[in-house]
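S.K.: One structure coming up, written as C-alpha cells, with questions to follow.
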Amino acid sequence: MTIQAEIKKLQSKSRSTTLQKFFKTGPGEYAEGDIFLGLTVGQSRGIAKKFKDLTLKVLAPLMTSKIHEERLIALVILCERFPKAPETEKSKIFNFLIKYRKGINNWDLVDTVAPAVFGPYLFQRDRQILFKYAKSEKLWEKRIAIMSTFYFLRQHDFTDTLKIATLLMHDEHDLIHKAVGWMLREVGKRDINIEKKFLNKYATQMPRTMLRYAIEKFPETERKAYLAKK
C-alpha cells in the first residue's frame, strides 16, 4: 500500500470539517484551499514511522500535495531522520526543504520543521537565509525565520531571535505576533533580564498580541505595567 493510500484509509469527515475551520482554510483566510482529511496527529506520526525510509524523490510529491496530512507526514519523516543523518544527508534534507518550502504553508507545518531542521542545520552555519525570510512578504517564510531560532534559544543563543523579532516588530499578521511573542517568552525562560531589556526598549512599539504572549508568565503586576505602556 502506498503512503497516500494509507493516509486516505484513515480519513474522517467529521474531523476534516473541524480541522478545516480550525486551520482557517476558507476563502480569504490564511490557509485558503488547504485540504484536511481529518487524521489525528498521532495517526500522522504513526504513518510517518511506518514509511520512515522513503527517499526524497518519493517525498517530493507529498510536499506539493494539496492534502495537509501528506505534507505534514513528509515533514515528520524528515524531522525524525535529520538528527542521525550524516552531514551530506543533512544538507540534502535542508536543500530539499528550501526547494519545497511552498508546501510548508500552515503554522503547524512551520512549527514542526523549523526548530527541528532549519535551526539545527543553520546553528553553526551562515544564517542569512533567516534574515531574508524575515524580510519576505510571504507569511510562512517569516514564521520560518522566527521559529527556526527556537533551536538557537535551546542552546542559549539569543542574538538572532532578538534581531529577527525586531525585524518583525511591525508585521501585520497575528500569526507573526504570536510566534514572536512566544519566542520572546522562551528567551525569558532562559534569561529573564535579556527579555526584560528587550521589552523595556520595544514594548510601546509591539503589537498588543505580541506583547501579551511575551509577558504571559510574568507576575500580574508586571503584566499590567507593560500593557499600560500600550
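S.K.: When you go through 145, 116, 165 one by one, which is the residue that is assigned by TED's automatic domain parsing to the domain that holds residue 57, in a helix (DSSP H, G or I), under 15 Å from the mean Cα position of the chain (by Cα) and among the small types (Gly, Ala, Ser)?
M.R.: 116
S.K.: Could you tell me which of the residues 144, 192 is surrounded by 15 or more Cβ atoms within 10 Å (Cβ to Cβ) and not small (Gly, Ala, Ser)?
M.R.: When all the criteria are applied, what remains is 144.
S.K.: Of the conditions (1) among the β-branched types (Val, Ile, Thr); (2) out of contact with any strand residue (DSSP E or B) (no Cβ under 6 Å at 6 or more places or on another chain); (3) within 26 Å of residue 136 (Cα to Cα), residue 35 satisfies every one except a single condition; which number is it?
M.R.: Every condition holds for residue 35 apart from (2).
S.K.: Scan 229, 138, 132 and give me the residue that is of a type in the set (Lys, Arg) and at pLDDT below 95.
M.R.: That would be 229, the only listed residue that is of a type in the set (Lys, Arg) and at pLDDT below 95.
S.K.: Say we look at segment 29-40 and pick out the residues that are surrounded by fewer than 17 Cβ atoms within 10 Å (Cβ to Cβ) and in contact (Cβ under 8 Å) with a residue 12 or more places away in the chain; which of these is nearest to residue 10 (Cα to Cα)?
M.R.: Applying the filter and picking the extreme gives 40.
S.K.: Test each condition in (1) closer than 26 Å to residue 119 by Cβ; (2) in a loop (DSSP other than H, G, I, E, B); (3) without any contact (Cβ under 8 Å) to a residue 12 or more places away in the chain for residue 95 and report the one that comes out false.
M.R.: Residue 95 satisfies all of (1) closer than 26 Å to residue 119 by Cβ; (2) in a loop (DSSP other than H, G, I, E, B); (3) without any contact (Cβ under 8 Å) to a residue 12 or more places away in the chain except (2).
S.K.: Within segment 213-230, can you find the residues that are surrounded by 15 or more Cβ atoms within 10 Å (Cβ to Cβ) and not aromatic (Phe, Trp, Tyr)?
M.R.: 214, 215, 223
S.K.: Give segment 102-118 a look and list any residue that's in contact with a helix residue (DSSP H, G or I) (Cβ under 7 Å, 6 or more places away or on another chain), surrounded by fewer than 22 Cβ atoms within 10 Å (Cβ to Cβ) and over 21 Å from residue 174 (Cβ atoms), or say none.
M.R.: 116
S.K.: Also: Of the residues that make up segment 56-65, is at least one surrounded by fewer than 13 Cβ atoms within 10 Å (Cβ to Cβ), aliphatic (A, V, I, L, M) and part of a helix (DSSP H, G or I)?
M.R.: no
S.K.: Here are some residues: 206, 210. Which one is buried (at least 17 other Cβ atoms within 10 Å of the Cβ) and not in a helix (DSSP H, G or I)?
M.R.: 206
The values are calculated or read from the model by the stated rules, or taken from the named source; none is laboratory data. Not measured: the values here are computed from a predicted model. Here the Cβ is made from the backbone with ideal geometry for all residues, glycine too, and neighbour counts use every protein chain on show.
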